[in-house]
Amino acid sequence: MELIIGKELKKDYQTGEVAIHALKGVTFSIPKGAFVAIVGPSGSGKTTLLNLIGCLDRPSAGRLMVAGMDVTSFGKTDAAIFRGKHIGFIFQSFNLIPVLTAYENVEYPLVMVQNISASSRRKQVQDLLAAVGMGDQQKKMPDQLSGGQKQRVAVARALVTHPELVLADEPTANLDHDTAMSILALMKQIRKELDTTFVFSTHDSRIIGEAESIYRIEDGFLKTNGNGGGRGHD
């Protein structure tokens, strides 16, 4: 079953008088439960594609289906509701809320989108913070944490709602080798237990080595290696 289907996706940006063609007609599919790495040089369109899949941006042309929904024409409200129900994000810049503790940052998606008891919420948050090695740091504010610690909190926040899809932009960039491998193992465990789909935008050979399929973007075009169902333009 395909969780994500993109057909001839294009994304253009205007910078002053210069038109930037970030994606130039990308066609691909990603099955449910896949572990996929999107790779390519900086500026090739990796993050742009991730943002389209995550309904953070809209394509200039083409069609995009995610979890059975045509998200191409979503407005801001529909996109926000859809993200809250289906998608977890791990951003390269962390995007933690500065006035909330590590615990509260992880808890926030549960408070916002799920009708769940306080005791169940507390257990889910504490279990995930412990799993990413942050159980003893949960009362600290983001400005009291190192880059690696912030990233671990961001990973826990992305996973806490048990989303169908996790989109991760360079999720291991600030992590040492052992921490990165333990978090990748956690993600694979969650994928196995919940059939979660993971899509990474990355330069990290550790993630690329664990991925089942590799989607390479160069100059706004896509090609696929591995066992996944994607296809694109060379």
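Coordinate-derived values only; no laboratory data. Since the structure is predicted, the reported quantities are computational estimates derived from the model, not experimental observations. Cβ placement follows ideal geometry from the backbone for every residue including glycine, while neighbour counts extend to all protein chains displayed.
Here Lys123 is the anchor, and the lysines within straight C-alpha reach of less than 19 Å, apart from those fewer than 8 places off in the same chain, are Lys139, Lys140. Give the Kirkwood hydrodynamic radius (Å, one decimal) of the chain, defined as one over the mean of 1/r across all pairs of different Cα atoms. Kirkwood radius, the chain: 18.1 Å.
Going from the fewest other Cβ atoms within 10 Å to the most, the residues Ile38, Ile97 appear in the order Ile97, Ile38. Mean separation of Cα pairs under 8 Å and 6 or more residues apart, divided by the residue count, gives the chain a relative contact order of 29 percent. Length gained on full extension, Lys192 to Arg121, computed as 0.36 nm times the residue gap minus the Cα-Cα distance: 23.3 nm.
By the count of neighbouring beta-carbon atoms within 10 Å, fewest first, Thr202, Thr179 end up ordered Thr179, Thr202. Normalising the Debye intensity of region 35-174 to I(0), with uniform scatterers on Cα atoms only, and taking log10 at q = 0.18 Å⁻¹ returns -1.06.
Scanning the chain for long hydrophobic helices, with DSSP H runs required to stretch 24 angstrom or more by C-alpha along their axis and to average at least -0.5 on the Kyte-Doolittle scale, returns 177-194. Taking 23 Å as the straight-line reach from the Cα of Lys46, the lysines in range (excluding those fewer than 8 positions away in the same chain) are Lys7, Lys10, Lys11, Lys24, Lys32, Lys76, Lys150, Lys188, Lys223. Here the scattering of region 1-118 is modelled by Debye summation over its C-alpha atoms, one equal scatterer each and no solvent; at q = 0.16, 0.17 Å⁻¹ the log10 of I(q)/I(0) is -0.89, -0.99.
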